[in-house]
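Shown next, in structure tokens, is the structure this report addresses.
The values are calculated or read from the model by the stated rules, or taken from the named source; none is laboratory data. As the structure is a computational prediction, the values presented were derived from the model and not from experiment. All Cβ positions, glycine included, derive from the backbone under ideal geometry; neighbour counts span all protein chains shown. The accessibility values were calculated without ligands, DNA or RNA, using every heavy atom of the protein model including side chains. Shrake-Rupley method; radii C 1.70, N 1.55, O 1.52, S 1.80 Å.
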Amino acid sequence: MKLPGAWTMALAMSVSTIAMMPAAAMAETLSLWARASSANAAQHMIDLWNSTHDDQIELTTIPDNQMVTKLATSVQSGDVPDLISFDLIFMPDFMKAGLLTDLTETLGNDPNQEKVAKAFRDLATYDGKLYGTGFTPDVSILLYNKDVFEAAGLDPEVPPKTIGEIESFARQIKENVPDAYGYYFSGSCGGCNIFTQAPMMWGSGATLLPTSGDAPAMEGTGVREVLQMLQNLWNEGVIPESAEADTGSNFQAAFETGNIGIMGSGGFAIAALKANQPDMNFGIAPLPGVEEGDASSFVGGDVIAIPRGAEHPDLATEFITWQLTDEAQLEGLAKNLILPSRSDLADNKYFQEDPRYITTAEAVGIGQTPYAFHFNDMVNADQSPWLTMIQVAVFDGDIDGAIEEARAALRDIASQ
């Protein structure tokens, strides 16, 4: 028998070896949609992931006011991104509509999920299942001008710890500091006020937005008390007249003038004030309630989820769990002075240079987010029951009537 040549044997061995080797995995490119407000934070996380993983992620920025429609139509057409980052307040509506992928098993077994701020965990749960988690949070806080405090005879290192102290401090500022006002709020902005006034209500024990037509609405300690505080300050001229018509366009600008003593704001104010008013001496504190210790906040920002029908759900899930790790939370977010969604990382090496970031990050852990369907109709619409209640109570003076009308209108929306 003729033996095969050496080259024939070598070729046969090579073919056999190749046949036994597993096929090399091809790197994938995933798509992530983020609303414009959170795109900068999302990009930091994506850049960190891309620098350490073969599978890459590309960001597409969606205008804030188009995200709801964009997701709904994309799921219906089957042309969805692998990941989506959106305002957490829309989570109940998206889950109920069946637009998102169930992540209960994956996130339920992830120890880092238990460290995510409770507000995110609560709002991402529907019918006992988990559909997302925290991604790029923001949170409401109390902002105060320390120089104005000192000029008014107040201790600049002691912010108000109750709504009663807000009222008395604001009044003292108006009485003692020429051209200054004690308090400010955007009187024609529903979203601004759910962000800054509502936490003082629910921190005191109130229930604000109903989840059904017969659920509690605008009930409990805090609702009337906060409205009464605002009405008193308005009637006494402690709040500038321009506040009544402010639709939110002056939400930050009013404080930057330097003649406002106290106002509710968000964590974003720190970077904005340091950039726009570097010489301003300002403080950050939790939003207080009726009693000392009732502090709370509105936990805002974005959740991250996987749309139903995503092309790469396994890789998308891998990214979601990775972004909850210490590395991602600290090097992707905190390093860039962005709040982590994990409450246990509030006090970190990147925030210690400016403790105001620590105070703000801690507010994420004590805050809430309203769990409500049809949130836009309840709160953000131009004539929403929430905004109408504030305007009638504060500017027209009918607190009790405003609360009753809001309660009925909110329940009517919730029953739809």
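Once backbone amide H atoms are built at 1.01 Å from N, Gly289 has Ile163, Asp294, Ala295 as its partners under 5 Å, excluding neighbours fewer than 5 places away on the same chain. Measuring nothing but protein heavy atoms, the accessible surface of the chain at 1.4 Å probe radius is 50 percent carbon and sulfur.
Here's the list of lysines a cross-link from Lys70 could span, going by alpha-carbon distance under 21 Å and ignoring same-chain residues fewer than 8 apart: Lys96. Electrostatic tally near Phe90: other residues with Cβ closer than 13 Å to its Cβ, Lys and Arg +1, Asp and Glu -1, net -2.
For the stretch 300-338, GluC sites (Glu not before Pro) are listed when DSSP marks them as loop and at most 15 other Cβ atoms sit within 10 Å of their Cβ; the list is Glu311.
Result for the chain in a Gaussian network model with C-alpha springs under 10 Å: among Leu88, Leu100, Leu339, the largest mean-square fluctuation is at Leu100.
Take Trp33: with every protein chain present and a 1.4 Å probe, its accessible area is about 30 Å². The amide H of Thr133, built 1.01 Å from its N in the peptide plane, has Ile304 as neighbours under 5 Å, considering only residues 5 or more places off or on other chains. Note: relative contact order over the chain, using C-alpha pairs below 8 Å and six or more positions apart, is 24 percent.
Exposure check, 1.4 Å probe, all protein chains in place: His44 carries approximately 60 Å² of accessible surface. In order along the stretch 398-411, the Karplus-derived 3J(HN,Hα) couplings, from 6.51 cos²θ - 1.76 cosθ + 1.60 at θ = phi - 60°, round to 9, 5, 5, x, 5, 5, 4, 5, 5, 4, 5, 5, 5, 5 Hz, and Gly and Pro are given as x. For helix 6-20, report the angle its Cα long axis makes with the longest principal axis of the Cα atoms of the chain; keep it between 0 and 90° and round to the nearest 10°. The two axes meet at around 30 degrees.
Among residues other than Ser38 with Cβ under 13 Å from its Cβ, the summed charge is -3 (Lys and Arg +1, Asp and Glu -1).
The GluC sites (Glu not before Pro) of the stretch 349-416 meeting both criteria, a DSSP state outside H, G, I, E and B (loop) and at most 15 other C-beta atoms within 10 angstrom of the site's C-beta, are Glu353.
A straight chain from Asp214 to Ser51 at 0.36 nm per residue would run longer than the Cα-Cα distance by 53.6 nm. Residues Ser242, Ser168, Ser204, ordered by accessible area of protein heavy atoms at a 1.4 angstrom probe radius and largest first, appear as Ser242, Ser168, Ser204.
Computed 3J(HN,Hα) for the stretch 321-328, one whole-Hz value per residue from the Karplus formula 6.51 cos²θ - 1.76 cosθ + 1.60 where θ = phi - 60°, is 6, 4, 5, 8, 6, 4, 4, 5, glycine and proline marked x. Amide H contacts of Gly301: Leu88, Asp138, each under 5 Å away and 5 or more positions distant or on a separate chain (H built 1.01 Å from N in the peptide plane; Pro and chain starts excluded). With both residues required to sit in the chain, DSSP beta bridges show an antiparallel share near 60%. About its Cα centre, the stretch 202-323 has a charge dipole of approximately 140 debye under the convention of +1 per Lys or Arg Cβ and -1 per Asp or Glu Cβ, with nothing else charged. Counted without the sites themselves, the longest stretch of the chain free of trypsin sites (Lys or Arg not before Pro) in a DSSP loop having at most 13 other beta carbon atoms within 10 Å is 3-348.
The phi torsions of the stretch 365-379, fed into the Karplus equation with coefficients 6.51, -1.76 and 1.60 and a -60° offset, translate into couplings of x, 9, x, 10, 9, x, 9, 8, 8, 6, 4, 4, 5, 6, 10 Hz, rounded to whole numbers, with Gly and Pro shown as x. Too long at a 32 Å Cα-Cα cut-off: which of Lys161/Lys274; Lys115/Lys161; Lys129/Lys349? Pairs exceeding 32 Å: Lys129/Lys349.
The charge dipole of the chain, taken about the Cα centre with unit charges on the Cβ atoms of Lys, Arg (+1) and Asp, Glu (-1), comes to about 1020 debye, rounded to the nearest 20. Take the chain with all the other protein chains still there, run a 1.4 Å probe, and you get 43 Å² of accessible area per residue.
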